[in-house]
1. Between ASP173 and VAL204, how high is the FRET efficiency from 1/(1 + (r/R0)^6) when r is the Cβ-Cβ distance and R₀ = 25 Å? Nearest 0.05.
2. Can you tell me the length gained on complete extension of the stretch ARG50 to ILE130, counting 0.36 nm per residue apart and subtracting the Cα distance?
3. For segment 47-226, count all C-alpha to C-alpha pairs, find those more than 22 Å apart, and express that count as a whole percent of the total.
4. Below 8 Å between Cα atoms, with a sequence gap of 6+, how large is the relative contact order for segment 47-226 in percent?
5. Could you tell me the distance between the Cα centroids of segment 50-99 and segment 138-182, to the nearest Å?
6. Any chance you could run the full-extension gain for LYS141 through GLN71? It's 0.36 nm times the residue separation minus the Cα-Cα distance, nm to one decimal.
Amino acid sequence: MAASTFGLARLLFVKLCASTIATVIVLDCRAAEREANALTEAVAATDAPRNLLMIAAGGLLSGLLTPLTPQLIDKFSGGSGNLRMALVAVPFAVLVFFVVRRCSANPLWAALLAGIVTMVAFVCAVNAAIWIDLQAYGASKMMRNVLAGLAGGFVGSGLMALAIALLPAGPRDAALWMRILLTGTLAGTLMAVDSALDLDLTSVLYPVWQVAVAVRLAMVLQRGKSG
């Protein structure tokens, strides 16, 4: 009887020890997981400003290349006016492709689609600006350029925001995309500066607009990715 009681006590002791060890292992695993998550978040927080600076530099470069692109297209390309106009947007479309790939969980095809949409949005923005300029005939040149820039910025950023929002990993928060729309619309007024300075192969509009919209897009995608 005493031996049986001793054996039962020993069995209970072994189970208690095993349970304690298992609990400690689980707690250690959870602590390690929390530390890993904290480290990942810290790395992401450190990388975010650097990524935005790189994107801003890319926007500046694409904005400087955009007014030069028509000279190259005239030498090597034929086709319709809209097609040639779409090719002018290739530098910025490439930047948008990399922004969507790096700042969101979208697949490769979605990033490619975002680049194509950027080219289409550019064509629509230019046509909208031309149409508004014609409608404002009779107003001062400065006013016409401001209105045309607002229209072009609104259409271009609006189409980009709408299309990228509908991608698989695009944030569904309309308030986030309204920031891109507002940024692109207001930056479009710089068209009046280009006109006032009579710029041709250089531009104030394109570098500022593309930096602002690209950075804002990255911020929106990062917010959606973290959320």
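1. 0.20
2. Values: separation 80, 0.36 × 80 = 28.80 nm, distance 3.73 nm.
Using 0.36 nm per residue and subtracting the Cα-Cα distance, I get 25.1 nm.
3. Beyond 22 Å sits 42 percent of the P(r) for segment 47-226.
4. Numbers: 273 pairs, mean separation 54.7, N = 180.
Contact order relative to length: 30 percent.
5. 18
6. 22.6 nm
Taken together, the values in this text are just the output of simple stated rules run on the coordinates, not laboratory data. In this text, all values refer to a predicted model and were calculated from it rather than measured experimentally. Backbone-built Cβ (ideal geometry, glycine too); neighbour counts: all protein chains shown.
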